[in-house]
1. Filter the range 172-201 for residues that are among the small types (Gly, Ala, Ser) and in contact with a Gly (Cβ under 8 Å, 6 or more places away or on another chain); which is surrounded by the most Cβ atoms within 10 Å (Cβ to Cβ)?
2. Kindly evaluate Ala219 against the criterion of being part of a loop (DSSP other than H, G, I, E, B), open to solvent by 50 Å² or more (accessible area, probe 1.4 Å) and out of contact with any Asp or Glu (no Cβ under 9 Å at 6 or more places or on another chain).
3. Between residues in the range 73-92 that are within 11 Å of Pro104 (Cβ to Cβ) and among the aliphatic types (A, V, I, L, M) and residues that are in a loop (DSSP other than H, G, I, E, B) and open to solvent by 100 Å² or more (accessible area, probe 1.4 Å), which pairs lie under 8 Å by C-beta distance while being six or more apart or on different chains?
4. Please tell me if Glu134 is within 24 Å of the chain's Cα centre (by Cα), open to solvent by 30 Å² or more (accessible area, probe 1.4 Å) and of a type in the set (D, E, K, R).
5. Scan the range 87-99 for residues that are touching a helix residue (DSSP H, G or I) at 6+ places or on another chain (Cβ under 9 Å) and surrounded by fewer than 18 Cβ atoms within 10 Å (Cβ to Cβ) and jot them down.
6. Considering only the range 36-81, state which residues are touching a Lys or Arg at 6+ places or on another chain (Cβ under 8 Å), assigned to a strand (DSSP E or B) and either closer than 24 Å to Glu282 by Cβ or open to solvent by 20 Å² or more (accessible area, probe 1.4 Å) (or both).
7. Looking at Ala151, Ala84, Ala120, Ala141, which is the one that is under 25 Å from Ala276 (Cβ atoms) and surrounded by 14 or more Cβ atoms within 10 Å (Cβ to Cβ)?
8. Based on what the data block shows, is Ala153 touching a Ser or Thr at 6+ places or on another chain (Cβ under 6 Å), at pLDDT 95 or above, of a type outside the set (Lys, Arg) and closer than 30 Å to Ser297 by Cα?
Amino acid sequence: MLELIDNSWIGERWSLASLPNGEPVSLFIWRDRDIDASVRCGDVLPAIVRSIDRAGGMGFVDLSTGEQAFFNISKSRTPPVEGAHISVSVRAEAYRDKLANVSPASGPPIIQSENDARDAWLERLPGYSDLTDEFSFGQKAEMCRAAFDVALASTVTIDNGGELHFDYTRALTAIDVDSSGRVQRSGVPGLNTDALATAARQINLRGLAGLFVVDLEGAPKGEKAKGLAAQFETKLKALTGRKVRVLPPSAFGLIEATVARREKPLFEFATETCSAERRTLETFLSAMREALTLAESDRSAFFTLNTSVALTEYMKQTAFDWQGELKARTGGRIKWEPLNKTGLDYQIELI
């Protein structure tokens with residue numbers, strides 16, 4: 001049974017599902033569409049067919065949001081003509097240089113709501129107990145941030161000892177199994193068995209997709225190798241709820257897997273790792289989280305929020321009423337001063 005907490009920030013909502021030992025399993029993040037207007041899984045939108053690549057088996061469309069997307073052309077159906085107005089359903093969200101993946105749809109437009117998106121996330125959990133009311137805002141904030149830090153870490157600990165090292169490339173995610181710190185004990189599963197179980201949980205937590213290559217300890221062969229591949233595939237399917245394929249380990253001890261795309265990976269929600277076009281947005285939300293957390297930690301204190309020129313312009317132009325939300329949540333105890341003499345993106349100081 002997973003333990004669930006829900007935390008509302010300024011313009012965003014985070015929901016965390018963890019094991020009873022505190023290990024995070026899945027983190028749901030939703031942003032108000034006035035802050036992040038990018039399309040979401042489950043949206044059905046008007047689109048115009050821009051081009052058809054019959055040789056590549058793909059079509060490209062311009063969405064009503066201004067974004068571009070692609071769809072796969074079915075060999076059994078005649079594709080729409082270029083310039084046609086169609087409706088499409090969003091199957092996978094865009095991030096970095098990857099376009100949103102859509103499929104032609106019928107019916108009226110649908111804009112996925114926050115509650116519908118969270119309900120869909122909850123349906124993918126194997127079972128949970130909601131503990132939201134048992135913790136303070138500060139406690140929930142700390143638990144969510146800790147889980148987020150785990151999801152961004154390049155190294156994590158394997159069950160029963162050892163480490164996994166994550167490296168992201170344009171083509172794939174490489175995961176190295178390291179036996180450092182592991183002590184073999186009677187009754188404890190093998191390192192590779194534990195490593196693949198941990199890797200599956202991390203892939204799910206981080207929202208990763210695409211091609212994975214796991215460098216196992218040694219080079220397992222025969223039935224043992226097939227068993228490891230079957231175990232990894234079963235755990236990935238159960239955790240992610242997505243289309244998964246896993247190959248048996250190669251002669252060099254490399255196990256390959258693919259996981260279908262869906263939502264943005266969590267690294268797109270951090271200023272340090274997001275794509276360049278999202279950095280100001282993520283910086284703004286980071287400032288809102290920090291300001292709210294400080295205000296909640298001392299309900300009698302007053303603060304100033306200083307912002308850089310670039311962040312100030314973003315905050316002036318956004319359609320989201322962040323000032324109204326921040327005032328309502330803090331009683332007006334945070335004063336915005338759009339001048340940052342330190343050169344940082346933002347700075348919050350106690351008055």
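The values are calculated or read from the model by the stated rules, or taken from the named source; none is laboratory data. Note that the structure is predicted; figures quoted are calculated from it, not measured. All Cβ positions, glycine included, derive from the backbone under ideal geometry; neighbour counts span all protein chains shown. All accessible areas refer to the heavy atoms of the entire protein, side chains included, with ligands and DNA or RNA removed. Shrake-Rupley method; radii C 1.70, N 1.55, O 1.52, S 1.80 Å.
1. Top of the filtered list is Ala195.
2. No; evaluated as a whole, the condition is false for this residue.
3. Every condition considered, the pairs that remain are Ile73/Arg54.
4. Answer is no for this residue.
5. Within the range 87-99, just Arg96 meets the criteria.
6. Phe60, Asp62, Gln68, listed by residue number.
7. Ala151
8. No, not satisfied.
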